[in-house]
Amino acid sequence: MQLLKDRIRRDGKVKEGNVLKVDSFLNHQMDTKLFREIGKEFKRRFEGEEINKILTIEASGIGIACVVAESFDVPVVFAKKTQTKNIAADVYKSRVESFTHGRVYDIIVSQEFLGPKDKVLLIDDFLANGKALEGLADLVRLAGATLVGAGVVIEKGFQPGGDAIRAKGIHLESLAIVESMDEKTGEITFRE
Ligand code: 5GP
């Protein structure tokens with residue numbers, strides 16, 4: 001998606017530890033006009049697929065997932081992160097290792113909002129090692145729902161998540177795939 005790549009090149013900041021900061025338009029301040037285009041692009045890429053629910057993970061996936069859900073005219077559910085030992089009985093639970101925070105946490109979704117009738121598209125802002133998407137896919141499996149595919153705004157192609165997700169046979173669409181980024185020069189290149 002050229003509009004997105006141009007924006008990443010212009011406003012993205014390369015931080016140490018292979019972290020790309022896009023706080024000015026995606027992760028903190030959110031450019032709703034760009035979000036609308038992102039929503040339309042995911043709709044186009046998953047055209048013809050039967051989707052009745054969007055599933056994302058809090059917090060940074062929620063804004064994008066809402067706009068995508070709007071373009072599919074379906075509800076969005078977000079998995080909650082929790083460290084509570086006493087998890088309620090009526091939830092599905094999986095485990096995710098956080099890329100940005102370097103710790104493991106549980107993600108949960110209420111059984112009321114995900115079930116065998118659901119045809120689910122996963123949406124997230126970033127794909128790095130793939131743990132967030134794998135956790136969400138696990139919740140879909142536990143719920144007996146159908147996983148239609150996964151859409152991420154930015155895939156860091158030099159990290160293993162994209163290959164791991166594709167190797168599982170999941171239909172993955174990434175709107176921008178970063179091939180390389182240089183912390184010193186700030187240069188970012190994309191996969192065509
Ligand atoms: P993964 O589970 O694929 O390793 O990481 C995905 C999650 O980590 C995303 O939900 C995102 O919030 C966060 N993340 C991973 N890499 C980056 C990055 O370079 N920049 C930002 N802002 N978030 C990232």
So, how do all the Cα-to-Cα distances of the chain break down into 10 Å bins, in percent, from 0 on up? 9, 38, 37, 14, 2, 0
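Please give the length that would be gained between residue 11 and residue 158 if that part of the chain were fully extended, namely 0.36 nm times their separation in residues minus their C-alpha to C-alpha distance (nm, one decimal).
In short, 50.9 nm is gained.
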Listed pairs 85/156; 33/156; 43/168 exceeding 27 Å between Cα atoms: 85/156
Ignoring the sites themselves, what is the longest stretch of the chain with no trypsin sites (Lys or Arg not before Pro) in a DSSP loop and at most 11 other beta-carbon atoms within 10 Å? 1-84
Compute the helix-to-body angle for 131-143: its Cα long axis versus the longest principal axis of the chain, expressed 0 to 90° and rounded to tens. 20
Report, in degrees rounded to the nearest 10, the 0 to 90 angle that the Cα long axis of helix 2-11 makes with the longest principal axis of the chain. 70
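Does the stretch 73-115 come out rounded, prolate or oblate by the C-alpha gyration tensor, with a ≥ b ≥ c the root eigenvalues, rounded set by a/c under 1.5 and, if not, prolate when a/b is larger than b/c and oblate if not?
On the way: a/c = 3.18, a/b = 1.38, b/c = 2.31.
Oblate is the answer for the stretch 73-115, as a/c is 1.5 or above yet b/c matches or exceeds a/b.
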For the stretch 112-157, state which GluC sites (Glu not before Pro) are in a DSSP loop and have at most 13 other beta carbons lying within 10 Å of their beta carbon. 112
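Values in this text are rule-based calculations from the coordinates and carry no lab data. The structure displayed is predicted, hence computed values, not measured ones. With ideal geometry, Cβ positions are generated from the backbone for all residues, glycine too; neighbour counts draw on all protein chains shown.
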